[in-house]
Amino acid sequence: MKALIVEHERATPGGLVYDWLDSHDIEPEDYRIDVDESDVDPSGYDLIIPLGSEFAAFDDHINWIPRERALLRKAVEADVSVLGICFGGQQLAREFGGQSFRADASEIGWLPVRTQDPELVPEGPWFQWHFDTFTAPPDATVIADSDVGPQAFVMGRSMGVQFHPEVTPKIMDDWVRVYRHELDAEGVDPDQLLEQTHARAEENRKTSWRLLDAFLHRVAKLK
């Protein structure tokens with residue numbers, strides 16, 4: 001099987017997702033949609049995974065955002081499963097009738113979610129770093145939420161999550177370095193964030209595996 005990993009900038013790689021794909025013998029292929037304007041046919045893949053981004057999913061002035069939404073629509077219409085993570089989940093929601101917008105409050109840190117199906121979406125805590133939220137598509141089922149907004153939804157063979165199951169200590173080191181200004185503006189202690197991420201690394205790996213395996217079996221129905 002093959003998976004297309006849709007990246008939006010160098011600082012937001014797939015992290016644990018790559019390890020998980022490898023454990024299932026699923027071949028990953030990276031696609032930097034922000035710099036690569038080639039037309040990708042989603043039907044050549046079993047799974048599409050759009051990742052997070054520093055940009056807002058509702059900013060259609062960024063030329064690759066409408067291209068990505070079109071890619072996700074083509075994927076779903078071709079019955080290719082999509083797992084949208086943070087920005088990727090908001091993009092998926094938007095394309096199928098939901099809305100994305102600035103949230104009343106940011107969520108940054110290791111936070112629990114309220115889940116209706118803990119076997120599919122464990123309550124966490126999950127790592128969050130976002131300023132925007134979204135409404136789920138009309139035909140989707142919201143599986144988890146927080147006071148800020150939806151945290152996970154399922155739509156057919158696709159799922160979107162607001163949190164970051166892919167995060168690793170290495171990714172967090174990079175995010176704290178690249179996006180330090182966001183932490184400063186929100187009054188978040190970067191040293192504490194790094195300490196918590198390193199301390200939770202193994203626990204988070206297990207929780208992420210539960211989510212990703214459940215997605216593969218119950219939602220994507222690929223194994």
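Which of (1) in contact with a strand residue (DSSP E or B) (Cβ under 7 Å, 6 or more places away or on another chain); (2) on the phi > 0 side of the Ramachandran plot does Gly97 not meet, given it meets every other one? Exception for Gly97: condition (1).
Report yes if Leu51 is under 30 Å from Lys206 (Cβ atoms), surrounded by 15 or more Cβ atoms within 10 Å (Cβ to Cβ) and in contact with a Lys or Arg (Cβ under 9 Å, 6 or more places away or on another chain), otherwise no. Reasoning before the result, please.
On the way: under 30 Å from Lys206 (Cβ atoms): yes; surrounded by 15 or more Cβ atoms within 10 Å (Cβ to Cβ): yes; in contact with a Lys or Arg (Cβ under 9 Å, 6 or more places away or on another chain): no.
Considered against the rule, which asks whether it is under 30 Å from Lys206 (Cβ atoms), surrounded by 15 or more Cβ atoms within 10 Å (Cβ to Cβ) and in contact with a Lys or Arg (Cβ under 9 Å, 6 or more places away or on another chain), Leu51 comes out as no.
Taking region 54-89 as the range and being surrounded by fewer than 20 Cβ atoms within 10 Å (Cβ to Cβ) and under 16 Å from the mean Cα position of the chain (by Cα) as the test, the residues that pass are Glu54, Phe55, Ala56, Phe58, Arg69.
Counting only helices (runs of 4 or more DSSP H) wholly contained in region 156-222, the ones carrying 3 or more residues that are closer than 22 Å to Gly89 by Cα, at pLDDT 95 or above and out of contact with any Pro (no Cβ under 8 Å at 6 or more places or on another chain) occupy 190-214. Within region 172-223, restricting attention to residues that are of a type in the set (A, V, I, L, M, F, W, C) and loosely packed, with under 15 Cβ neighbours inside 10 Å, the residue that is farthest from Arg157 (Cα to Cα) is Ala185. Cβ-Cβ contacts under 7 Å between residues 6 or more apart (or on different chains), taken from a first residue in region 108-136 that is of a type in the set (Lys, Arg) to a second residue that is surrounded by 16 or more Cβ atoms within 10 Å (Cβ to Cβ), are listed as Arg114/Ala144; Arg114/Asp145; Arg114/Ser146.
The values are calculated or read from the model by the stated rules, or taken from the named source; none is laboratory data. The structure presented is a predicted model; accordingly, all values stated were derived computationally and were not measured. Backbone-built Cβ (ideal geometry, glycine too); neighbour counts: all protein chains shown.
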